[in-house]
Structure formats: C-alpha cells, structure tokens
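Accompanying notes for the structure given below.
Rule-based calculations on the coordinates, nothing more; no lab input. The model shown is predicted, which means the values in this text are computed figures rather than measured ones. Methodologically, a virtual Cβ is constructed for each residue, glycine included, from the backbone with ideal geometry; neighbour enumeration extends over all protein chains shown.
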Amino acid sequence: MRRYSAFAIAREAARYHQGWERAWASPEPKKSYDAIIVGAGGHGLATAFYLGKNFGITNVAVIEKGWLGGGNTGRNTTIIRSNYLQDASAAIYEKARGLYETMSQDLNYNVMFSPRGVIMLAQTHHEVRGYQRTAHANALQGVKTEFISPARVKEIVPIINLDGPRYPVLGGLWQARGGTARHDAVAWGYARACSDMGMDIIQKTEVTGVRKENGAVVGVETSRGFIGTKKLGIVVAGHSGVLADMAGFRLPIESVALQALVSEPIKPCMDCVVMANTVHGYMSQSDKGEMVIGGGADGYNNYTQRGSFHHIEETVRALVETFPMISRLKQLRQWGGIVDMTGDRSPILSKTPVEGVFINCGWGTGGFKAIPGSGWGFAELMARGYSPLTAEFGLNRFKEGRFIDESVAAGVAH
Amino acid sequence: MAEFDLAIIGAGPAGMAAAVTADKAGLRVALLDEQPRPGGQIYRNVSQASADRVRVLGADYALGRGLTTALAESGVQHIHGAVVWAIEDGFRLSYTANGTAAQVSARRVLIATGALERPLPIPGWTLPGVMTAGAAQILLKGSGIVPRQAVLAGSGPLIYLVAAQMVRAGVPPLALVETQSTRDMIGALRHMPGALRGWRGLAKGLGLIRELRRAGVKRFTGADRLKVEGMDRAEALCFRAGGEDHRIACETVLLHHGVVPNTQVARSIGVSHRWSSAQQTFTPVLDAWGGTDRPGLFIAGDGAGISGAMVAEIAGRLAALKLAEEAGHLGISERDRRAAPLLRARARELAIRPFLDAAYPPYPGALRPDDDTLICRCEEVTAGEIRQTATLGCLGPNQAKSFTRAGMGPCQGRYCGLTVTAILSQTTGQSPDETGYYRIRPPLKPVTLAELAAMAETGATNPEGE
C-alpha cells in the first residue's frame, strides 16, 4: 500500500488524480480463516484491525452482507464523547476518545476528527442535578468534563435561546475534547489498514448460518458457500438477534429504529455539538454546512431503517424553540438506523454459550463514539479470552444482576 | 387526521381518471397534487386556458378538459397545492400546502406521479439559458411564455410537439437538432406492424413534422457530440451531423431525450423496481391492474412506465376499478365487465410504443457523459468522479453517495439517479439491476423545520378546507 502524504496529493494533483490505487481489495473468500468477523461496520473493522495490530492475527475475514460502512457507521450523527456515569463505561469510551485523537495518524487516513466540544444541555432541574453528578464522577474517572452555567453555554453557542418557555437552558455538561469525525472515513480507514495487513473484506456476502460441532463453532454458511473458522466475532448491531439465533443463543436486546435528519447547508454558525436529552434532540454542523440533527428512538421494535415522523416532529419542535434561527432551514433528508438496545443501555462484549463465538453488540444509540475502544477491547477478548476493557460487559451480567446502568448518560440521545 | 378510503398522489390524467372512477364507485377519495389546478404536466392549466392558448397547444391538450370537468363535478376531495413529502405504511401521507405541513391517512394509495424528463448531461448543460423542452412547455402552458432564439436538441416525439407549438405561438425555434439516427429508424421498422395499429399517433407525428417543414424550421438528424457553448450563459449549441461540425448561435437551448417514470414515492416505501432495457429506465413491478408488491398500493400512469396520457387515463380507471372492488364497493364480475373495454383500448394505445422507443432512443452521448461533464447538479459531481469511485471499489449508487455526495442535494437524486446507475454499471460491468438505484428517503421534496415543528399543532386537515 502506498502511504497517503502531502507529496502524494501534490503528485496526484499534477496528473488529474488518476494514480490513486484502490484502498481495499475485494478478494474471493478462502476456505478458512483463523478468525471471522461478521459485519464490516466500524466496530467489526476496528476489531479486525486490532486483532492484527495488537495480536498479530492477520488471517482474518470480515464478511459483510452489504458494503462496508453502509450500516449504522454511515447513518449516525458522528458524535464522540466519553462523559458517562459508570466507571466501566467511562473507561471504554475514554479509551475510544483517546484513540480517535490519533486515529488519522495511526491509520494514515484522514478521519477528520474534530474535537470541537460537546455540550449536553440541562433543561430541567432534574438534569442539572444529574449532570453535576456526572461531572463529579468524570473527575474521579479522569475524564475531563465540567458543569457550566447558562451564560457560558451562550458564550460557546451564540445561536442558542436560553429562555425557551418549555425548554429553558439551566446549564450544561461540557466536554471540551469531545467532538465529531467523518463517519465513513473511520470505516474506510480501518478497511484500508486491514486490507493492507492481508485481511479479506468480503462484501455483498450474507451469513446465513453458523455451523457447530460439539458445541463449538467450525464455520459459517454464507451466500457464497461455507467458510471455516474456530473464532467467530458477531458485530452486526441491530441484526445481532438474528445472528445469535443462527448460532443458537438468545440476547437481551431489542432492535429499534433511531433516526436523524439533515438540513440544507448554511454558513458556519455553530462550532460544537449540542445535545438536548430532555427533548431527544442533538445537533451539530457538518463541514459541508448542513445542520445534522439526531432524534429519538422509536417506541416499538422494527428493522425498517426508516423511523416514523412523529418522533422527528417532537425533536424538531423542541429544537426550533432552542435554536429559533433554524426554523426556516429546509430539511433535505431523513433516515434511520437499526440500533440494538440493552436493558441497562450498556453494550455487550462477551463470550457466548457457543465456544469460539464472541459477540459485540448492544451499543444502542451511541456506538460510533466507541468504535476504536470497542475494537481494541473486543480484539483482546477474542485473542486472549479476557480484556480488562470488556470484563464488565459480559452477557452473564444480565443473569447476575450486575447492570452497568447508563440510562441517564446514554438515555436516548447521543 | 383526515381519513380516506383512497388517497391519490398526482392530478394528471391517471390521477384524475382514477379519482373520478373511484368516487363514482362510492369510495372516499383524496386527490393530492402540487399544482394549483388539476391536469398534471400534460394538461397543465387546461381548465383556465384561453381559446388562443388551446389553438397553440393543440387539440390533444383540450382533451384534458373532459377530465378536469368530471373532477370538479365529483365528490373527490382535491387538495391542491399540496407537495407530498413522505409516505408511510398504513398509509399515511405527509404534505405541505400553503406553507403548512399536514397529514392524511388512507387505507389504499394510488401513486400517479407521472414522469420526469430524462436528464441530458452534455458539456455546458448547466449554463443559464439551458433548460428542458418540457420546462419550455410548462412556461407556455402556465404563462403563455415562449423562449426566443431557441434551439431544440435531443430526441423524441415531444420535441416535434414543442417545436410546432412554438411555431403556432409565432416564435419558431431556430432549429431542431435530433440525435436519433437513420439506423435507429430502420431498427424501429420491425415494430411497424404495431405502430400501424396505432396509426393515429403516427399520423399526428407526421403532421407535426410537416407543420415544421412548412414553417421552415431546420432539422438535423443523427447529431452527435452535442455541446453548449457560453461563458456566463448559453451562447451556442455545437454538434456534429452529416459529417460536418455545426454551431448555432442562440439564447436558449431546450434539451430533451424522452421521459422516465418518476419513481421517488414508490421507491421511498420499498416497491420493487426492475430495469427496462426497452425504455432504458427502472420501472416498478406491477400486476395488470397497477398493483405493486405492497398490498393496497397501486401505481398508474407514466410513473408505471412511459406510455402517454391516453394510457395513463385508462390505467387510472383500471386501478380505480380494482381498488373499488378490493374495498367492497364493486363485485368482481362488474369490475371485469367494466375493465374489458379499457383493457382493449389500452392494448390499442400501447401498440405504437415499441416503435417510438426504438425510433427515438436516448442520446448515447448523455448516457456516457465525458469525464468533465457535471452529472449531479446539486452537489457538482462530474461523470469522471463517479467513474473513479467505481474503479476505487464502489459497489453501487448508495456507496457513491458517501464517496462523492452525488444525489444528496436538494433534488435528492431525481435528476442524477439514472446517470449515476448507468455510469457505475458501465464501469463495473454489472447490470443496472445489480448496480441498483439510490435509496430514496423522505422528505421527497425539502420541507422547512418550522413546517415540521408546527405539524402536530395544526393537525392534519388542509387549512384551506378544500
């Protein structure tokens, strides 16, 4: 693989950009691999990448039924933050945030990480208390956040209306090193690095079954035939339940549609991410200038990747009060992604009842921010059978009642 | 929310005919249409047109009055000026009328959104002064405006009609630059037996061509290498025809090479589509009545495949009969009895289609645009950039969006979708069906956040109460 550099850009500029090589290969599947990851989204590709980089396991295939990065990785609102309440969550999200800081260099791929800062608005007295508590917890965890006053919020976000009649702004939880990244580029960067290590990214290939012998996995049936492996990582977000069913176990997960929308582009007017969890809305401005707005999750289970309009309506009604200037912006596009929610709103990174099968799911509404941390920990779990990052996130916590309750920090809004 | 037995999107010939037929059968019908008056593109403004306007536009145009009158006399709730921007299962339609968003719900839906002009990306097609022939016709029908110093370029029967209408309006075009070749015409001859069954259409076309000849309008055929020249606006159309290079100085270039089904609504709710190689476009998969693979959802008119206004009207009536039967307002035998003459008439009207499709194929140069030609106007993406994404491993139009943003602007891919699919499938060697098409998302047309935010409070009834 040729490295990307300023010189490469200059060279290509001089020849109409005709010389760029393919960033990843599209190989035919081999008969078997040391490890197979199902799902070429951010988490799956990151897992493959760290399997190779940290543990030298490179005979790996990543199997994707669509195209890489085409699921929730390409559908989220790209927010990165780590201001969670519980220690286990803060650890994995902060690990991820740290890896985002150097991801462009590590992958030699510009993922456009922009630590522009994230504010979570406190709009009820209950939220004020909750976020002050989170700020204290974060201080103990070594995650840098602070609770700020309405005046400071206004300073950071001049276009905000603090005095909305229904949703006044009473303060905010501010994480200055939170931000955004280009979501597609995260998947592409990992894919390029994986392909460079000799891993096979097999797109447009659907896993249709999991073959087991004596309670252990021996491979997967796919739309392109059987592929053997002794280690299988399932990283398919909203479709985890379907894959778990193939492998023969059940998951405490509900799949619902979470939706987002985007406006027409306007000049820069907001240089941070604002989240309003009371109203299930969050907004940032893309590099193109569009206002990217995220909404709540649907109240019923489905796989439609659409979402329903009454949720968008609710979100937008509240956001128009908080940001009156956006009211005349045109909405260009609305979409949904299928998110996998657990009861405690924390992910599952775990061994499963089937030997050799590992599962990484349950990221719910907030998986993008966790991609590098999740890949790091899950690769370690798959390679060694244990990872300090993932230890608390096992499946058995639902049997034993050791929940990692993040419904306040995760709630709906991410 | 207002509830209906049937909601129809689009008040063109298919929509109007279906609405009137279903209303007579006893269904509660809502007809939603973007325009202030019914008629669609073909019969735009027909209910208000002056005698002079009708003389210019021709007798076929005046036929639309039968439908608009029947609609006005029916019990159909015609919600005019309504831009439908979302359709959800169940069915629920969201629309904006008079700056206010609202919803209607209906047990069944008929999509009658007609056709779009096939985009004709050639060098210079984005310059001011270049528009489509259909746009010129909208100006003519809506406001009696005719572009001066205009050249018509491309292929298809509509070009003759627009040119003749311009002649009658006293502002003839400078020239007709047609891209179809003699070889296309010879190839089309094998469809002649069918075309002769539709001899009325042929005679009309020949009449138009005669009318143009009498008016002294120059015609070029087999034109290639079309290019619009100009700095700030279109100044000339350049092309090669008959072994010579031509340059016609002009103020307006009117491009057209056929129309394609407007499939946005159907695609947004997941109706299956297939590539039609005869029409070089995707068409929805339908049964004989216009029913889709989703229960209760029907498509009629050019949105189901291009076949013209007369077929659209018939298809609208057929779909309405089936819908009325499904809703229990019509027995099966009565439905079939009333459908039989319609089916015969449709077969007759369709007879000429294969000939027209073969004789007036799309301009090949626009199906394989040069690398430098813009194909996505909203996001300014060139054909070369799309080709490059394919060589870099892009598998289809939806991935091309994240590579290039093509199809993500205000038109939401209506104008570049087919071109992007064509370029990707040429580059990767996959068929258009394998390559696929953009996933269409709501809103189908942009809607302001204030409209969205106010939707719940204003409820779902049309503020005009119409």
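The mean number of Cβ atoms from other chains found within 10 Å of a Cβ in peptide B:392-400 is 5, as a whole number.
Rounded to the nearest 0.05, what FRET efficiency do A:R224 and B:L343 give with R0 = 51 Å and r taken as the Cβ-Cβ distance? Could you check? Don't skip to the answer; put the middle values down first.
Working: r = 44 Å, r/R0 = 0.87.
With R0 = 51 Å, the Cβ-Cβ based efficiency is 0.70.
Once you have the Kirkwood Rh of the range B:57-195 from its Cα pairs, apply Stokes-Einstein at 20 °C and 1.002 mPa s and quote D in µm²/s. Walk me through the numbers on the way to the answer.
On the way: Rh = 19.0 Å.
Translational diffusion coefficient: 113 µm²/s.
In which sequence would A:T322, A:T390 go, from the one with the fewest C-beta neighbours within 10 Å to the one with the most?
Details: A:T322 24, A:T390 27.
In order of increasing Cβ crowding within 10 Å: A:T322, A:T390.
The angle between the Cα long axis of helix A:42-55 and the main principal axis of chain A comes to about 60°, on a 0 to 90 degree scale.
Sorted into 10 angstrom bins from 0, the C-alpha pair distances of chain A split as 5, 23, 32, 24, 13, 3, 0 percent.
The Cα center of the range B:1-43 and the Cα center of the range B:80-103 differ in position by 14 Å.
Residues whose amide H lies under 5 Å from that of B:F282, counting only those 5 or more places away or on a different chain, are B:S276; hydrogens are built 1.01 Å from N in the peptide plane. Could you work out the helix-only [θ] at 222 nm for chain B, with each DSSP H run of four or more residues adding -39,500 (n - 2.57) and the total divided by the number of residues, to the nearest 500 deg cm²/dmol? My calculation for chain B gives -11000 deg cm²/dmol from helical runs alone.
Which order, highest average first, do B:318-326, B:53-61 follow once you tally other Cβ atoms within 10 Å for each residue and take the mean per peptide? Working shown, then result.
Working: B:318-326: 25.6, B:53-61: 17.1.
Per-residue mean Cβ counts within 10 Å order the peptides as B:318-326, B:53-61.
If you take the Cα centroid of the range B:355-434 and the Cα centroid of the range B:155-210, the two points sit 28 Å apart. Label positions at A:H17 and A:D405, each projected 7 Å from the Cα along the C-beta direction, are separated by 5.1 nm. Between helix A:87-101 and chain A there is an angle of about 90 degrees, using the helix long axis and the longest principal axis of the Cα atoms. Measuring max minus min along each principal axis, the C-alpha atoms of the protein assembly as shown give extents of 88, 59, 58 Å (largest first).
For the segment B:438-450, counting C-beta atoms of other chains within 10 Å of every residue's C-beta and taking the mean gives 6. How far is the Cα center of the range B:262-330 from the Cα center of the range A:170-184, in Å? When both Cα centres are located, 47 Å separates them.
Only helical DSSP H runs with n ≥ 4 go in: add -39500 (n - 2.57) per run for chain A, normalise by residue count and round the 222 nm mean residue ellipticity to 500 deg cm²/dmol. When only DSSP H runs of four or more count, the value is -9000 deg cm²/dmol. For chain B, B:C238, B:C250, B:C378, B:C394, B:C411 have no disulfide-compatible partner, since no other Cys C-beta lies under 4.7 Å from theirs.
In the P(r) worked out for the range B:314-466, what percent of Cα pairs fall beyond 29 Å? So the pairs more than 29 Å apart make up 51 percent of the total in the range B:314-466.
The H on the amide N of B:A86, modeled in the peptide plane, is under 5 Å from the matching H of B:S94, B:L444, each at least 5 residues off or on a different chain.
What per residue convex hull volume, in Å³, comes out for the range B:1-123 when only alpha-carbon positions are used? Before the final figure, lay out each step's value.
On the way: hull volume 16.9 nm³, N = 123.
Per residue, the Cα convex hull of the range B:1-123 comes to 137 Å³.
Per residue of A:309-316, what is the mean number of Cβ atoms on other protein chains within 10 angstrom of that residue's Cβ?
Per-residue shielding by partner chains comes out at 6.
Chain B has equivalent-ellipsoid semi-axes of 34, 27, 22 Å, by the square roots of 5 times the alpha carbon gyration tensor eigenvalues, sorted largest first. With both labels modelled 7 Å from their Cα along Cα-to-Cβ, the A:K330 to A:A151 distance reads 4.2 nm.
Can you work out the FRET efficiency for the pair B:T391 and A:R133, with r the C-beta to C-beta distance and R0 = 45 Å, to the nearest 0.05? Don't skip to the end; give the middle numbers.
Details: r = 53 Å, r/R0 = 1.19.
FRET efficiency, B:T391 to A:R133: 0.25.
Please identify which residues in the range A:155-174 have an amide N closer than 19 Å to a label point set 7 Å out from the Cα of A:H126, following the Cα→Cβ vector. Flagged as within label range: A:165-173.
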